[in-house]
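To start, the structure under review is shown below, and the notes come after it.
We did not get these values from a lab; they are worked out from the coordinates using the rules stated. Only a predicted model underlies this, so the values are computations on that prediction, with no experimental measurement involved. Ideal geometry is used to build each Cβ from the backbone, glycine not excepted, and the neighbour counts take in all protein chains shown.
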Amino acid sequence: VGLLNSGLALEHATVAAYGALGTLLDGDARTAAREIREQERDHVRRLEAAISGLGGTPVAGRSARDYAPAFPRLRDADDALLLASDVEERLVRAYLEALAELPAGPLRRTVSGLATSESEHLAVVGGLRGEPLAAQAFVTGTS
Amino acid sequence: VRIDRRSALAAAAGSAVLLAPQAASGQRRNDRDTLERLLSLERGLESLYDAAARRGALPSGLARRLRDHERLHAEGLEEALSGGARAPVATVPSPALSLALERGGRAFLRFALAQETAAVAAYADAVTRLADRDLLQPLGSIMAAEGQHLVALRSELGVEPLTEPFEPSR
């Protein structure tokens with residue numbers, strides 16, 4: 001439950017981050033940020049259900065105002081996409097580290113699926129930053 | 001725990017070989033069988049992108065990049081499997097691949113997407129069952145890379161790159 005709640009706390013922060021950074025984007029980038037934010041909300045719901053299913057209490061999210069001081073100062077779209085890339089890297093890394101701690105069973109499927117979904121977000125954000133899609137043979141969240 | 005690109009599966013290789021004798025030889029055998037299946041999948045994907053690069057079924061830069069990724073995945077899995085008897089990996093060209101190449105264009109992209117989707121599902125199944133925890137991060141990092149391949153292929157196909165909030169969707 002602790003591992004899953006750590007992921008959930010990061011997901012809450014990521015939803016808030018996309019809310020903040022999305023205001024600096026337009027066009028395709030803004031659309032992509034909205035889509036990713038919706039997927040992160042789905043991740044929140046999936047993790048809350050998993051934690052409750054284990055008899056735990058899902059950690060609650062905070063207000064956007066509470067998260068704001070934790071984010072770097074965002075001046076333009078480049079800053080916004082850099083923050084998006086950073087939060088996605090952190091999520092991939094967190095889920096891969098959690099995966100190694102989990103016992104065999106369905107929770108590993110959930111967590112590896114979440115890592116893969118975040119990796120897809122990372123590819124989309126990288127594409128918006130002008131990087132090639134699928135640039136790395138091993139996506140570790142540590143690049 | 002940090003994992004980098006080249007050391008990830010090399011580290012796992014040691015753990016696969018050094019599983020304690022009592023660490024249930026049955027579990028070790030199951031893990032090896034799982035790795036063998038993933039290796040076969042990776043070699044199939046490598047062949048697919050190699051053929052795509054040679055036949056122009058994908059932009060050459062993308063085809064070569066994805067082929068090289070699959071080759072690195074396969075090499076890593078081979079390292080993890082080193083030290084034990086191995087079943088040969090079949091490399092016979094698939095008739096379905098030949099047909100997809102013949103049709104080309106969107107038909108090939110849809111075929112490649114189906115293969116990558118199957119690969120992601122195979123990795124998800126693998127990590128669910130593996131006894132050797134040291135293999136989980138490296139295999140998870142490969143699964144995450146295959147997810148990025150899905151994004152690249154969907155983009156090439158001109159469809160929404162993010163279709164599911166979970167890969168594989170269940």
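Assign one of three labels to the protein assembly as shown, namely rounded, prolate or oblate, based on the Cα gyration tensor with a ≥ b ≥ c the square roots of its eigenvalues; rounded applies when a/c is under 1.5, prolate when it is not and a/b is larger than b/c, and oblate otherwise. It comes out oblate by the Cα gyration axes.
When the trypsin sites (Lys or Arg not before Pro) in the range A:58-105 are filtered for DSSP coil states and for at most 14 other beta-carbon atoms within 10 Å of their beta-carbon, the remaining sites are A:62, A:73, A:75.
Taken one residue at a time, the phi angles of the range A:48-54 give Karplus couplings (6.51, -1.76, 1.60, θ = phi - 60°) of 4, 5, 5, 5, 4, x, 8 Hz. Gly and Pro are set to x. The overall shape of chain A is oblate: from the C-alpha gyration tensor, with semi-axes ordered a ≥ b ≥ c, the ratio a/c is 1.5 or greater and a/b is no larger than b/c. Tell me, what is the FRET efficiency for residue B:25 and residue B:94 to the nearest 0.05, using R0 = 35 angstrom and their Cβ-Cβ distance as r? The value I calculate is 0.55.
Based on the Cβ-Cβ distance of residue A:49 and residue B:55, what FRET efficiency does E = 1/(1 + (r/R0)^6) give at R0 = 51 Å, to the nearest 0.05? In this case the efficiency is close to 0.65. Distance between the pseudo-spin-label points of residue A:76 and residue B:36 (7 Å out from Cα toward the beta carbon): 5.7 nm. Couplings 3J(HN,Hα) for the range B:25-37, derived from phi with the Karplus relation 6.51 cos²θ - 1.76 cosθ + 1.60 (θ = phi - 60°), are 4, x, 5, 4, 5, 4, 4, 5, 4, 4, 5, 4, 5 Hz, where x marks Gly and Pro. Sequentially through the range B:128-145, phi angles give Karplus couplings (6.51, -1.76, 1.60; θ = phi - 60°) of 5, 9, 4, 7, 7, 5, 5, 7, 5, 5, x, 5, x, 5, 6, 4, 5, 5 Hz, Gly and Pro residues having no value and appearing as x.
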